[in-house]
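Each reported figure results from applying straightforward, stated rules to the coordinates on display, with no laboratory input. Everything numeric in this text was worked out from a predicted model, so none of it was measured. Backbone-built Cβ (ideal geometry, glycine too); neighbour counts: all protein chains shown.
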Amino acid sequence: MSGLPFGCAEILAATGGAPRVLDAGCGSGRLTVALAQAGAEVTGVDTNASQLEVARGRAAAAGVELTLLEASFEALPFADASFDAVVSRLAVMASDDAVATLRELARVLEPGGRLVTVLWASPGENPWFGKPREAIAAVLGRERAAFARAFGKLGDPEAAAAAHREAGLADVAAVRLYELRAAPDAAAYWHELSAENGHFRRVAASLDAEEAALLATEVEARLAPYREGDHLSLPRTLVLVTARR
Ligand SMILES: C[S@@+](CC[C@H](N)C(=O)[O-])C[C@H]1O[C@@H](n2cnc3c(N)ncnc32)[C@H](O)[C@@H]1O
């Protein structure tokens with residue numbers, strides 16, 4: 001299972017081999033497929049039909065069966081106590097009412113079942129994201145940097161744990177997870193980021209030549225503190241919450 005996105009290995013470990021697992025906000029299905037490969041019967045829900053199509057293709061390529069439904073995790077189309085574990089990676093912060101969403105995730109868990117949620121910590125703890133976005137605000141103005149507003153929401157272990165407790169969950173524990181992302185230099189990193197992340201891709205596609213040059217200089221200056229020898233080393237920080245119904 002190497003090559004899984006940041007936090008997936010910890011989520012897999014925390015589900016403890018639960019037989020029926022729901023992945024809430026499953027997106028393109030990388031975690032969903034990994035859960036099925038680990039032997040679980042897995043259901044994924046997402047509101048984005050095109051992401052679900054990618055997940056279907058990924059499952060077919062991996063030779064695993066998934067149940068994938070276009071549905072909101074704010075109102076799940078499942079009876080109470082339908083799953084032994086519910087996981088959600090980088091999704092519940094999108095909800096306007098995170099506590100109500102966590103309560104809905106808990107509803108579909110068996111009593112004693114495990115909820116595992118993963119969220120980005122604050123942009124300050126994620127310079128790989130926060131610094132390029134700050135550079136966009138400085139060069140192009142706040143409006144063009146007003147994307148991914150939910151990034152870092154509940155991104156503090158105490159706040160995330162409190163929301164889970166308020167939703168009625170028990171045995172709540174929240175920890176930070178860390179990794180470093182290496183890049184050869186700021187220009188290469190901006191190129192990678194705008195290829196893989198839709199927010200940065202849209203900004204990059206909107207730039208005229210003068211803006212592109214100014215932004216390149218600004219990104220380089222803001223990433224300079226993360227230079228280690230011949231490369232950049234950019235911290236990434238998640239908050240992992242485990243709880244039981
Ligand atoms: C950043 S992506 C993460 C996807 C996947 N969990 C992963 O780790 O790669 C967030 C996902 O949450 C989905 N999402 C946002 N609000 C949702 C909702 N109310 N119900 C279901 N999915 C939702 C989005 O469509 C998107 O696919």
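I'd like the Karplus ³J(HN,Hα) series for the stretch 101-109: coefficients 6.51, -1.76, 1.60, θ = phi - 60°, whole numbers in Hz, and an x wherever there's a Gly or Pro.
Once rounded to whole Hz, the list reads 5, 5, 5, 5, 5, 5, 4, 8, 8.
For the stretch 46-60 and the stretch 63-106, compute the distance between their C-alpha centroids and round to whole Å.
16
Sort HIS164, HIS191 by Cβ crowding within 10 Å, fewest neighbours at the top.
HIS191, HIS164
For GLY113, which sequence-distant residues (separation of 5 or more, or a different chain) have an amide H within less than 5 Å of its own amide H, given hydrogens modelled in the peptide plane?
ARG245
With the cut-off at 20 Å, report for the stretch 43-137 the share of all Cα pairs above it, as a whole percent.
Above the 20 Å cut-off, the stretch 43-137 has 50 percent of its Cα pairs.
Could you calculate the FRET efficiency of GLU211 with ARG103 from 1/(1 + (r/R0)^6), where r is the beta carbon distance between them and R0 is 51 Å, rounded to 0.05?
Working from the Cβ atoms, E equals 0.70.
For HIS231 and ALA79, what does the FRET efficiency come to when R0 = 51 Å and r is the distance between their Cβ atoms, rounded to the nearest 0.05?
So, using R0 = 51 Å, E works out to roughly 0.50.
Run the helix sum for the chain: -39,500 (n - 2.57) per DSSP H stretch of 4+ residues, divided by residue count, reported at 222 nm to the nearest 500 deg cm²/dmol.
Roughly -12000 deg cm²/dmol at 222 nm, from the helical runs in the chain.
Normalised by the number of residues in the chain, what is the relative contact order in percent for Cα pairs under 8 Å and 6+ residues apart?
20
I'd like the Karplus ³J(HN,Hα) series for the stretch 224-232: coefficients 6.51, -1.76, 1.60, θ = phi - 60°, whole numbers in Hz, and an x wherever there's a Gly or Pro.
Calculated HN-Hα couplings, in order: 3, x, 9, 6, 10, x, 9, 8, 8 Hz.
So for TYR226, TYR189, fewest C-beta neighbours within 10 Å to most, what's the order?
Sorted ascending by nearby Cβ count, the order is TYR226, TYR189.
At q = 0.15 Å⁻¹, what is the log10 ratio I(q)/I(0) for the chain, with the Debye formula run over Cα points and no solvent?
Here the Debye-derived log intensity ratios amount to -1.05.
What Rg and what Dmax come out for the stretch 81-160 when only alpha-carbon atoms are used, in angstroms?
Here Rg and the maximum Cα pair distance are 15.8, 51 Å.
Once fully extended, how much extra length lies between GLU70 and ALA188, figured as 0.36 nm per residue of separation less the alpha-carbon to alpha-carbon distance?
38.9 nm
Quick one: which residues, 5 or more positions from ALA121 or on another chain, have an amide H under 5 Å from its amide H? H modelled 1.01 Å from N in the peptide plane, none for Pro or chain starts.
THR237, LEU238, VAL239
What length, rounded to one decimal in nm, is gained on full extension from ALA173 through to ARG144, with 0.36 nm per residue of separation minus their alpha-carbon distance?
Residue separation times 0.36 nm, minus the Cα-Cα distance, leaves 6.8 nm.
Would you mind ranking CYS26, CYS8 by Cβ crowding within 10 Å, fewest neighbours first?
CYS8, CYS26
Mind listing the phi-derived Karplus ³J(HN,Hα) values for the stretch 28-38, rounded to whole Hz, using 6.51, -1.76 and 1.60 with θ = phi - 60°, and x for any glycine or proline?
Values, residue by residue: 7, x, 5, 5, 4, 5, 5, 5, 5, 5, 7 Hz.
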